[in-house]
């Protein structure tokens, strides 16, 4: 090449110029082509970038749009979507395909799994330019938005209404406060004002506190931010006037998904949890009759009074006046064995029956009732040592999650008779320390249309049973006020078809008492009174089948002192009764013989003094009217007025002597969460003025009179942080909003791009 150029230069400069020109033309053409390629590539890259940004925006709006749509209808289909964007030189059509799927994700530092809902979206673009033919963009974008249910279990403490069930008594009666002894370590929310008080110090909230109302200082009656050291009280921060949290008064998911336990005629379902299963007893409560108790102008208080009266020549049965009769329904509970069944990763619904529950929880399970739920003893986790947290890093319980839901109230039971024990032994485990693991929700809502101002007493609360204990006057044995005793005559047919013509007459001291009595089936019973020295005579007339007939005479202690048969002898049989014991009377249900139940104003004015807890005397004592003062032995110089007495339908183990009453019941330790419609009491002072009003012992109005010692539990609450991520099965969901009616709720967890799954069907539009 060098020699050629040299030759050309030597021979002909014009040729050189031509060659150079040609070479420059070639270079120019090549450069132009390169520039065209670069320009086209840049344009394409710009289009791709434009598509990428546009598709990201569309995917984000799609995820938000479907998230909101699902909140209002969890079952709705996710429709496809088409978006067209016009530009000066082209039209781009974006096709969006979406679906929702329930998936399992890792949570709680990767140590636990939980259910989530994934909104999956795929977007493609088709572009039409005005000059070139249409083509499909090679860019596809796929995204997932993970959302999860929010539930009441995410709060250590949740209330819809902070005021107590005494709200019908006005603001002062209903006000409940947090104060120095209250130490809460988990999230707290109320849809109501939260009141705090500097009493024994300020309360301490270690986690975030939110309220749809304001935080109020009890001392000033105004906003706490103006007077309280908020940074020392709310260590985890706080927020006021946030959107309220909405939830259903029904256990909707459990009703829909839960296993059903019990039958239509079951009144109580008693469950003991253990080893991933449960054992059940079904209780049917039936009114079997009515007991009557005569009220007299005086009735012995104790054995000392009886001895003094008889020694003084008095006989209360003869000297007193019968002024009233108390009628008390007799109820019996028949228990049947419900068997033992496995339960884990399920919810269980017991319908309209009361749920009584205790035991050790293995696996994830939630129990619920449309009626009241009673906690009858500790509820613990199989894989957590009792008394230790289940959420400690390094020793996290990855198995056990428990939920308990009532569409009315949740009560820690006072005492009960155990149907799992053959002797129906009395259980009083809850009268000491109580330990509970899990999430508890009392979501019942009182109906003002039915109960009016009293509807506050029908809201769901988490509390303890038997707020106002008053012991019953104990039974005692003393001398009989009269000589008469009740005797029993039994007519028996062993074949069960009656005496078939046989009859009997009974005479007392020669006077006919029972005439032509007979037995019509297997047994006929007749009662009558006899006194010391009375002569009882029986006259038996034989029938057609004497081999099946017999009869028995029983004394007041139900001892058989005379019997005849089968083939009883005919004719006259004499039996003289001598020396009846004089100290054989057991005085029982004393209060029902001393006072009118219920004291509802139905008694005549002259016996008002015998009403328990009269309105004109210190709480716990009868009215000191003239009728009561003039009665015997109430006018005695050393008479001790009785303490306020339980109603039979109030004390769960009535009658119960005062010495057996348990007032202070120990510590209530909870590792978990409590949600309730209205704030329930965990401890009572015993002098609550609203619960001791003038309209005393109005059971239908939840007014209980009579002062007593303080009663209830000291609180020791710990939050289970696992419940922020993993809720018990079908636990009540919540929604955050201003008066929204939707009851399905989700919380955004994440949004990210990823590769579409192979089974994702792309839109064909």
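Coordinate-derived values only; no laboratory data. The model shown is predicted, which means the values in this text are computed figures rather than measured ones. Cβ sites come from the backbone with ideal geometry, for glycine too, and all protein chains shown count toward neighbours.
Computed values, structure above
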item	result
Distance between segment 312-386 and segment 483-507 - C-alpha centres, whole angstrom	40
Gain on full stretching of the segment that runs from residue 172 to residue 259 - 0.36 nm per residue minus C-alpha separation	27.0 nm
Kirkwood-type radius of segment 484-576, with distances r between different C-alpha atoms, in Å	13.2
Exposure proxy order (Cβ contacts within 10 Å, fewest to most) of 558, 216	558, 216
Ranked by how many other beta carbons lie within 10 Å on average, peptides 224-232, 396-404, 96-104 from highest	396-404, 96-104, 224-232
Prolate/oblate/rounded call for segment 468-538, Cα gyration tensor, a/c under 1.5 rounded	oblate
Shape category assigned to segment 202-326 from the gyration tensor of Cα positions, a/c cut at 1.5	oblate
Per-residue Cβ neighbour rank within 10 angstrom, fewest leading, 431, 519	431, 519
Using a Förster distance of 22 Å, the FRET efficiency for residue 383-residue 101 (Cβ separation, nearest 0.05)	0.15
Peptides ranked, highest mean first, by Cβ atoms within 10 Å: ranges 184-197, 416-429	184-197, 416-429
Alpha-carbon centroid distance for the pair segment 148-162 / segment 199-219, whole angstrom	17
Paramagnetic label zone (point 7 Å from Cα along Cα-to-C-beta, residue 564; backbone N under 12 Å) in segment 472-515	503-507
Separation between Cα centres of segment 658-682 and segment 421-477, rounded to whole Å	9
Efficiency of FRET from Cβ geometry, residue 290 and residue 426, R₀ 22 Å, rounded to 0.05	0.30
Shape of segment 190-239, Cα gyration tensor, a/c cut at 1.5	oblate
Taking the C-alpha atoms of segment 384-479, convex hull volume expressed per residue in Å³	211
Additional length obtainable on full extension of the chain from residue 716 to residue 341, 0.36 nm per residue less Cα span	131.7 nm
Extension gain, residue 395 back to residue 302 (0.36 nm per residue minus Cα-Cα distance, nm)	27.6 nm
Spin-label model distance (nm) - residue 682 vs residue 52, 7 Å beyond Cα toward Cβ	5.5
In nm, spacing of pseudo-spin labels at residue 417 and residue 330 (7 Å Cα→C-beta vector)	1.3
Using a Förster distance of 60 Å, the FRET efficiency for residue 277-residue 89 (Cβ separation, nearest 0.05)	0.25
Simple label model, 7 Å out from Cα along Cβ direction - residue 529 to residue 451, nm	4.5
